[in-house]
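See below for the structure under consideration.
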Amino acid sequence: MKNNKYLYLITILYFVLGIINIHFALIGMICMIIPIILLFKNRKKTWCQGYCPRASLYSNSGKVTSKYSLKVPLSFVKGKIKWIVLAYFVLSLTIIIKSTIMVSLDKAIPVDYLKFLLIFPLEGIPQLLHFKVAPWLLHLSYRFYSLMMTTTILGLILSLVYKPRTWCTVCPIATISDVYIKGSKGN
Ligand code: SF4
């Protein structure tokens, strides 16, 4: 199955919705939950093979520089990079969950701006719609949007430098899926 070439519009819509109101960022959790559900159900990478909006984005962005794209380094395909990216992903999720709990318990103040790669603060994004919700939800939304933004930017850079879907060689969803599929075949 091939990804629909217009699925990338969902990724763009996601980031636009975050500008309308940051709480829409939580919709992005669907892109983590559905791949895992499909993986358990089908024991293959159904999401990656047919439904991933990000893969569609990279396939399209990669076309811009396809003439000059470099060969994907072996360290991406077979090396440690995918484990480093997975570690970053797990660390990010742990920090997101822990800090959100701290905010909900009034033991930390909500972070209401974006961060690139966990530590580099960015200017806040414009908010076209304002509504008041619990501070922990605001915090969770900014943290989750930051994670999605960081990994999308990294994937875009890789798609422009190397082959369009280079990110897929190190994507945490792919790494988790590979481990699960390998394990389930052994059973
Ligand atoms: S590896 Fe990641 S980016 Fe690539 S198709 Fe799968 S979920 Fe999407």
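The values are calculated or read from the model by the stated rules, or taken from the named source; none is laboratory data. Because the structure is predicted, anything quoted here is derived from the model rather than measured. All Cβ positions, even for glycine, are placed from backbone atoms using ideal geometry, and neighbour counts span all protein chains on display.
Couple of notes before you dig in:
- Assessment of the range 52-75 against the conditions (in contact (Cβ under 8 Å) with a residue 60 or more places away in the chain, on the phi > 0 side of the Ramachandran plot and over 16 Å from the mean Cα position of the chain (by Cα)) yields no matching residue.
- Hey, Leu117 under 24 Å from Tyr58 (Cα atoms) and either surrounded by 17 or more Cβ atoms within 10 Å (Cβ to Cβ) or more than 16 Å from the ligand (Cβ to nearest atom) (or both) or not: yes
- The residue of the range 45-77 that is surrounded by the fewest Cβ atoms within 10 Å (Cβ to Cβ), among those that are among the hydrophobic types (A, V, I, L, M, F, W, C) and within 16 Å of the ligand (Cβ to nearest atom), is Val77.
- From the list Tyr180, Tyr162, the one residue that fits, being out of contact with any Gly (no Cβ under 9 Å at 6 or more places or on another chain), farther than 19 Å from Leu26 by Cβ and not aliphatic (A, V, I, L, M), is Tyr180.
- Apart from one condition, Lys98 fits all of (1) over 14 Å from the mean Cα position of the chain (by Cα); (2) surrounded by fewer than 18 Cβ atoms within 10 Å (Cβ to Cβ); (3) part of a loop (DSSP other than H, G, I, E, B); the exception is (3).
- Condition check for Leu118 on (1) under 26 Å from Tyr8 (Cα atoms); (2) not in a loop (DSSP other than H, G, I, E, B): one failure, at (2).
- Test result for Ser146, in a helix (DSSP H, G or I), closer than 23 Å to Leu57 by Cβ and away from the ligand (no atom under 16 Å from the Cβ): yes
- Qualifying residue in the range 84-96 (condition: modelled with pLDDT of 95 or more and either in contact with a His (Cβ under 8 Å, 6 or more places away or on another chain) or basic (Lys, Arg) (or both)): no
- Matching entry among Asn4, Asn42 (being over 18 Å from Pro172 (Cα atoms), more than 15 Å from the chain's Cα centre (by Cα), surrounded by 13 or more Cβ atoms within 10 Å (Cβ to Cβ) and not hydrophobic (A, V, I, L, M, F, W, C)): Asn4
- Residue count, the range 149-187 (criterion: under 14 Å from Cys52 (Cβ atoms) and more than 14 Å from the ligand (Cβ to nearest atom)): 0
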